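The next block holds one structure in the form of structure tokens; read it before the comments.
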Amino acid sequence: MIDIKKLREGIDRVDGEIIALLKKRADLAKQVGAYKIAHSLPFHVVAREREIIDRILEQDTAPFPKEALRHIYREILSACLSLEEPVSISYLGPPATYTHQAAIKHFGNSLRFLPAPTIREVFRFVESKDALYGVVPIENSTEGMVNYTLDTLVETDLKVVGEIVLPIHHCLLTKSSSLSNIKTVFAHPQSQAQCRSFLSTHLPNIPLVETSSNTRAVELCLEDESGAAIAGEMASDIYNIPILRRHIEDYPDNQTRFLVIGTIEPGKTRKDQTSIMISIIDRVGALSSILDMIAKQGINVTRLESRPSRKKAWDYIFFIDIEGHQEDQSIRELLKKLQNLCPYVKILGSYPVPDRKNTVGASHT
């Protein structure tokens, strides 16, 4: 017969062994940090981080679920990095926004997070070295590109060093006990747009008040007993406000893509993506010929966007994401050809492609 007491004692022993190993890992991380200081090496090496995660997930961990292990190691690596050096991550704030959630998803909870009021301020924090990295939104699967981020990438010398893909699940937060008691809905315009069907079906004729962020919507809701806010689950935890309805977004596969910006370029990993900006000569078929040239190099284009250059009317800059790393022979050859053909070429960066199911972030190396 199974003795539950002995089984629990066995679990307690294993927990003790896990703690002892975590302490040993933390001590090694501190030694790595000391070595990096002595040899003027960067504290965070993305390629090494990706190598650790890939190696762990390749192992047979059954019956322990691999996705859970991914989350656990995100926090272990984040905690170990924090022992090497206090690391600050800037993000488009205020706290509890989806950008904040994406930053935590990528970097774990152990680092210092620095909210910024605008996308440009996120860039400024990184440029001034007040933050090692910045996290900014770049694209939503239903609402399209965040043009201000694209425009700021043109102006900065910072590199794109990572990408985060975050599923967006909106919640209706309120102190009211039922939908019938709600008299006002506070929400950011984009969140409103992503929840049109729910609002028209369940809260018709209820006034919608636009806010500067989802967090601001929650703050206003806290002051109004009959108000409701559209925000993420994280806002409910931080501001201690109940969730009346979950997953009120119109499209269940709604996702937002975020970029991680910084000055430390990642090394090459098993699966990378390179982002570039180009301008082209204003003639018929110019863009088509560029895309044909990329295809002939055997390189896959995963994204193509255009923005006015702001230098003269009808002059455009194209943002292109391609599979592979700029150190790959095929991409080196491509970049050389582009520099000969295009008036302007800028390499935004090469960085690991995230797992579309679940991105994992910062670590110690």
Lys/Arg +1, Asp/Glu -1 at C-beta; the chain dipole; positive extreme among Leu57, His71, His247: Leu57
Potential lengthening between Phe64 and Ser288 on full extension [0.36 nm per residue; Cα-Cα distance subtracted]: 75.7 nm
Protection-proxy order for peptides 59-65, 324-330, 90-96, each taking the mean of Cβ atoms within 10 Å per residue, highest first: 90-96, 324-330, 59-65
Sequence ranges 120-128, 6-14, ranked by mean other-Cβ count within 10 angstrom, highest first: 120-128, 6-14
For the range 82-104 and the range 196-211, distance of Cα centres in Å: 31
Cα centroid separation - the range 1-49 against the range 222-296, whole Å: 33
Residue exposure sequence - Leu203, Leu172 - by fewest surrounding Cβ within 10 Å: Leu203, Leu172
Long pairs among Lys129/Lys346; Lys296/Lys337; Lys105/Lys268, criterion Cα-Cα beyond 18 Å: Lys129/Lys346; Lys105/Lys268
13 Å reach of a label modelled at Val14, 7 Å along Cα-to-Cβ, counting backbone N of the range 32-73: 61-65
Most mobile listed residue (His71, His39, His169) in the chain, GNM with C-alpha springs under 10 Å: His39
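Computed from the coordinates by the stated procedures, all read-outs in this text should not be read as laboratory data. All values reported here derive from a predicted model rather than from experimental measurement. Positions of Cβ are generated from backbone atoms using ideal geometry, with glycine treated the same way; all protein chains shown enter the neighbour counts.
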